[in-house]
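Down below is the structure, laid out as structure tokens.
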Amino acid sequence: MPEQRDYFQEVYEVVRLVPKGRVTTYGSIARYLSLRAGARMVGWAMNGSHSHPDVPAHRVVNSVGVLTGKHFFGGPTIMQQLLEDEGVKVEDDRVVDFKTRLWDPSTELGL
DNA sequence: GCCGTGACGAAAT
DNA sequence: TATTTCGCCACGG
């Protein structure tokens, strides 16, 4: 059983804190956890989120609100439907009103 | 230990 | 605004 690095777990924990109907970004998580690795490693960490049922990876998008990881949900429309089911409108693979929907841990958790 | 890859980000064009 | 270029660094081969 390959145990991922500790920061993998930390990333999952932060993602679980994302409220329903909100989204966050890889970069925000990386900055909140002070990951030198950068935003890319957050995405890499999400790659192992399939083993973590309580990790709403569909609420994690890139800096411009694009659903870059939608293809990893077993289909090109799964992620979008999950978001819309939570009240997050998605159009052209982008979160509508992304700037308002953004949930930044460093801000919402009161850094 | 080097090399290619990647669910990213920011700046330049 | 879309595309390109570069920087970032962990992981697998």
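If the condition is being more than 16 Å from A:GLU10 (Cα to Cα), within 6 Å of DNA strand B (Cβ to nearest atom) and loosely packed, with under 14 Cβ neighbours inside 10 Å, then the range A:34-84 contributes only A:SER63.
Residue check: is A:GLN9 away from DNA strand C (no atom under 16 Å from the Cβ) and either out of contact with any Cys (no Cβ under 7 Å at 6 or more places or on another chain) or within 19 Å of A:PRO105 (Cα to Cα) (or both)?
Numbers: away from DNA strand C (no atom under 16 Å from the Cβ): no; either out of contact with any Cys (no Cβ under 7 Å at 6 or more places or on another chain) or within 19 Å of A:PRO105 (Cα to Cα) (or both): yes.
Taking the combined requirement at face value, the residue does not satisfy it.
Here A:THR68, A:THR77 are screened, and the one residue that is more than 15 Å from DNA strand C (Cβ to nearest atom) and either among the hydroxyl-bearing types (Ser, Thr, Tyr) or in contact with a Ser or Thr (Cβ under 6 Å, 6 or more places away or on another chain) (or both) is A:THR77. For the range A:12-59, a residue qualifies if it is among the aromatic types (Phe, Trp, Tyr) and under 18 Å from A:SER106 (Cα atoms), and the qualifying residues are A:TYR12, A:TYR26, A:TYR32. Among the residues of the range A:36-56 satisfying the criterion of being among the charged types (D, E, K, R) and within 18 Å of A:THR24 (Cα to Cα), which is farthest from DNA strand C (Cβ to nearest atom)? In this case the residue turns out to be A:ASP54.
Since every read-out is calculated from the coordinates, none of them should be taken as a lab result. Note that the coordinates shown come from a computational prediction; the quantities given were computed from them, not determined experimentally. Here the Cβ is made from the backbone with ideal geometry for all residues, glycine too, and neighbour counts use every protein chain on show.
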